[in-house]
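The values are calculated or read from the model by the stated rules, or taken from the named source; none is laboratory data. The shown structure was predicted, so the numbers you read here are calculated from the model rather than taken from an experiment. With ideal geometry, Cβ positions are generated from the backbone for all residues, glycine too; neighbour counts draw on all protein chains shown.
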Amino acid sequence: MNSSKSGILLSPLQGLSRGWRLLLLAVATSAAVLGCGGGVGTGGTGSFSTSYSSGSITGLGSVTVNGVRYDDSQAVVEGEGLSGGRRDLRLGMTVDVDSGPVTTTATGAIATATRIRVDSELVGPVNAVDRAASSLTVLGQRVLVDVTTDFDDRLPAGRLDGLLVDSKVQVFAVFDPAQSAYRASRIEPVADTRAWHLRGPLAAVDAQSVRIGAVSYSYAGVAAPANLAVGQFVRLTLSGSGLPAGTYAVTGFGVALRVLADADDLKFKGLVSALDSLSSFSVNGRPVDARGATLVPAGGAGLVLGARVQIKGQVRGGTLRATEVSVVTEDEEHQAGLELHGSIDSVNRDTSSLVLRDTDDRLHIVGFGGPVRYRDNNRSAADLQRGARVEIKGLPSADGRRLEATDIRFE
């Protein structure tokens with residue numbers, strides 16, 4: 001889709017100009033660094049984030065995550081393999097966002113991000129591609145793709161047709177324990193020099209190996225964390241050097257889940273990874289306390305292992321304290337669509353498509369030949385001209401190459 005491929009929280013910051021808010025947020029971030037040995041969200045004693053969100057990026061031109069559009073112009077962007085800061089952000093990447101308070105406006109929820117962390121689940125070689133089953137295998141793990149999966153345009157033919165066995169990819173995804181597989185939100189190629197890694201929950205542990213999904217990985221001779229246990233999320237650095245094809249050995253253990261700072265406003269989307277009851281479960285390995293939370297649908301229908309849910313509430317002591325738990329169906333996830341903000345770089349009337357240049361100079365191909373709602377009643381496709389600033393919402397095309405617009409607003 002690109003050619004490179006809530007309510008109001010009361011806060012002392014509200015009512016101030018954007019410049020003052022950014023200055024005060026920067027001071028707060030510096031204080032956190034000095035006071036607890038790390039940045040906002042490191043989880044050290046006394047650390048605090050006004051708002052915390054976790055999910056995949058569904059909008060660019062200021063990133064959108066979980067329905068909130070973040071001003072990322074002053075945000076620290078972190079992640080393995082990133083060199084261009086916020087310009088490296090792409091649709092479908094899974095991120096954690098620390099921000100100031102979320103405010104509801106006439107055009108949607110907005111906030112100012114202070115830190116964005118990007119993290120993928122798998123980096124490594126493609127073992128197999130099963131186009132009929134809409135899946136591939138990476139580092140021995142089954143990866144599922146669907147219409148919401150974003151494929152980087154650097155892949156030769158787009159979607160699964162562009163994936164070759166032994167090519168190296170990075171997969172942004174969530175682990176689905178119900179299917180013992182990863183559900184991908186984005187797949188992109190990576191350099192051969194990138195270290196291979198895998199993050200997921202342990203299905204079995206012994207003195208010499210660990211199992212994730214149906215695959216075991218030997219860690220003989222490697223220092224392992226104490227008290228490894230079934231259900232625990234781990235991050236493995238892997239190597240296939242000197243081993244039979246398709247087998248991998250652990251060369252190191254990393255941090256799978258960072259310690260969360262307390263936050264007054266939480267938005268967290270993921271898959272139910274463990275389920276004790278409707279009031280006590282985990283999402284993406286994070287414990288959720290849902291006692292007293294409103295369940296949508298009522299009664300917790302659909303809240304099962306592997307269900308996609310969105311949690312609203314707070315973070316306290318590393319636990320997601322939910323005030324609302326909503327089950328999100330796959331159709332709802334797809335229909336929520338994606339959004340882009342920027343200026344029109346060029347228009348091709350013959351193909352009913354345009355190229356949008358977002359605020360970080362990324363280019364996106366957008367089709368406008370289908371049913372499109374123009375938010376301004378006096379506007380139409382004739383107004384889509386080079387230089388016009390627009391907000392475009394839409395759905396991925398069948399080949400994953402562009403966004404098919406369903407809603408256009410002139411900014």
### Query
In this structure, is Thr237 of a type in the set (Ser, Thr, Tyr) and out of contact with any Gly (no Cβ under 6 Å at 6 or more places or on another chain)?
no
### Task
Would you mind telling me which numbered condition in (1) surrounded by fewer than 16 Cβ atoms within 10 Å (Cβ to Cβ); (2) modelled with pLDDT of 95 or more; (3) under 28 Å from Val65 (Cα atoms); (4) not basic (Lys, Arg) Val255 fails?
(2)
### Message
Out of the residues in region 133-166 meeting the condition of being among the acidic types (Asp, Glu) and not in a strand (DSSP E or B), tell me which one is farthest from Ser397 (Cα to Cα).
### Response
Asp166
### Query
For region 252-287, which residues satisfy the criterion of being of a type in the set (Val, Ile, Thr) and under 23 Å from Pro225 (Cβ atoms)?
Val255, Val259, Val283
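Every residue, every condition in (1) outside the structural domain of Val210 (by TED's automatic domain parsing); (2) of a type in the set (A, V, I, L, M), yes or no:
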{"site": "Ala109", "(1), (2)": "yes, yes"}
{"site": "Thr114", "(1), (2)": "yes, no"}
{"site": "Gln179", "(1), (2)": "no, no"}
{"site": "Arg183", "(1), (2)": "no, no"}
#### Entry: Residues satisfying the stated conditions in region 95-127, i.e. among the acidic types (Asp, Glu) and in a loop (DSSP other than H, G, I, E, B)
Asp119, Glu121
### Residues being outside any strand (DSSP E or B) and either over 16 Å from Val147 (Cα atoms) or out of contact with any strand residue (DSSP E or B) (no Cβ under 7 Å at 6 or more places or on another chain) (or both) - total across region 393-409
2
### Message
Considering only region 337-357, I want to know if a residue exists there that is over 20 Å from Asp153 (Cα atoms) and modelled with pLDDT under 95.
### Response
no
### Message
For region 271-298, which positions are surrounded by fewer than 17 Cβ atoms within 10 Å (Cβ to Cβ) and among the polar types (S, T, N, Q)?
### Response
Ser277, Ser279, Ser280, Thr294
### Query
Within the group Gly162, Gly124, Gly213, which residue is surrounded by 19 or more Cβ atoms within 10 Å (Cβ to Cβ) and more than 26 Å from Ser54 (Cβ to Cβ)?
Gly162
### Task
Sort out for me the strands (runs of 3 or more DSSP E) sitting completely within region 201-306 that have 2 or more residues that are farther than 26 Å from Ala184 by Cβ.
262-277, 294-296
### Query
Mind checking whether some residue in region 237-245 is in contact with a His (Cβ under 6 Å, 6 or more places away or on another chain), closer than 17 Å to Arg199 by Cβ and polar (S, T, N, Q)?
yes
## Note on the structure
Only unsatisfied item for Ala178, checking (1) under 25 Å from Gly302 (Cα atoms); (2) not in a loop (DSSP other than H, G, I, E, B), is (2)
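Each row is one residue, and each column tells you yes or no for (1) modelled with pLDDT of 95 or more; (2) aliphatic (A, V, I, L, M).
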residue	(1), (2)
Ile116	yes, yes
Pro125	yes, no
Ala132	no, yes
Leu136	yes, yes
Arg142	yes, no
Asp150	no, no
Asp161	no, no
Val171	yes, yes
### Within region 165-201, tally of residues that are surrounded by fewer than 20 Cβ atoms within 10 Å (Cβ to Cβ), charged (D, E, K, R) and in contact with a Lys or Arg (Cβ under 9 Å, 6 or more places away or on another chain)
3
### Message
Just to check your reading of the model, which residue among Leu356, Leu384 is closer than 24 Å to Glu188 by Cβ and either buried (at least 18 other Cβ atoms within 10 Å of the Cβ) or assigned by TED's automatic domain parsing to the domain that holds Thr64 (or both)?
### Response
Leu356
### So Arg389, is it in contact with a Ser or Thr (Cβ under 6 Å, 6 or more places away or on another chain) and of a type outside the set (Ser, Thr, Tyr)
yes
## Note on the structure
Of those in region 240-251 that are among the hydroxyl-bearing types (Ser, Thr, Tyr) and closer than 13 Å to Ser216 by Cα, the residue nearest to the chain's Cα centre (by Cα) is Tyr248
